[in-house]
1. Most mobile of 120, 168, 44 per a Gaussian network model of the chain (Cα springs, under 10 Å)?
2. For the chain, what is the calculated [θ] at 222 nm in deg cm²/dmol (nearest 500), taking -39500 (n - 2.57) for each run of four or more DSSP H residues and dividing by its residue count?
3. How much length, in nm to one decimal, is gained on full extension between residue 216 and residue 330, taken as 0.36 nm per residue of separation minus their Cα-Cα distance?
4. When DSSP assigns beta bridges and you keep just the ones with both residues in the chain, what percent turn out antiparallel, to the nearest 5?
5. Tell me, 193, 130 in order of fewest to most beta-carbon neighbours within 10 Å?
6. Between the range 99-138 and the range 258-303, how far is it from one alpha carbon centroid to the other, in angstrom?
7. With r defined as the distance between the Cβ atoms of residue 311 and residue 148 and R0 fixed at 30 Å, what FRET efficiency is calculated, to the nearest 0.05?
8. So for 205, 183, fewest C-beta neighbours within 10 Å to most, what's the order?
Ligand code: SF4
């Protein structure tokens, strides 16, 4: 049997799925058999921050249920247009952390490359929903300044690929970048923050695993899963393939009202993550970005939920409950220890 390889002129199945993601609110409501009365607010909110959901994620959403926890993450609502005091466009201080074109440097020993502004999904609570990717992400053709910055920062041990979603970038480009990182002796780890293995599990294909496997740097993939319902069979297969390829898998979730603000759901998520080779890493309080106030779980309630979660799971299945504060030297844990 002759193995089929993919030439540079071909489009990978995941790229076709990315291109076919639903971006029209009317189509979304029709597919999910939802009340057409939701259309007006959804259209208005998606003008400010476009709707985007891949079909593979839509298949995990219950039909006809406006409260489905996966739907809540992607459905534009009129509440996004309210201006809420205490919420802003750059809640984590990204703009102040720009070190050079395409690089954010907040914490010691790690630097973050904004390799793209594209994502497989537009999460309605996204802390970067107002981020000016055009001016602040890695220029498509010339990452020289970013690579020079990494080379000059001899205390940088870990390079983080972020965005947007770095795995929205085609593999030849990522592979090329990875080879440049290999040549920088003080870099030890390559961390990738991505929702793509969850949104479009077919993203974890031979081509991705091949360049990851060639990297001199130790690969760490931080996925972003908020609810156990997100983990279906294809996602399990993708996670297993990554693990088998030697990738360390961690998860970060955001505590979101109406999605996962329930200790039982969080416990189930931790168990299911571990069953699929992923360690729960962070449970973030919502970053207070303008347009997402309706997702906020206030700190006293978050602490109460966390206390209940602590009593339900083994210590190693307990994610760290943190918030990000602009200018702080690390994420801030809500509880010491
Ligand atoms: S995948 Fe990440 S960067 Fe993209 S919209 Fe969702 S939270 Fe934001």
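1. Maximum among the listed residues: 44.
2. One gets -9000 deg cm²/dmol as the mean residue ellipticity at 222 nm.
3. So the extension gain works out to 38.4 nm.
4. Taking every DSSP beta bridge with both residues in the chain, the antiparallel ones total about 20 percent.
5. If I rank by nearby Cβ atoms, fewest first, I get 130, 193.
6. Distance between centres, Cα-based: 22 Å.
7. 0.05
8. Listing 205, 183 from fewest to most nearby Cβ atoms yields 183, 205.
Every read-out reported here was derived from the displayed coordinates using simple, explicitly stated rules and does not represent laboratory data. This one's a predicted model, so the numbers in the text were calculated from it and none came from an experiment. As a convention, Cβ positions derive from the backbone with ideal geometry for all residues, glycine included, and neighbour counts pool all protein chains shown.
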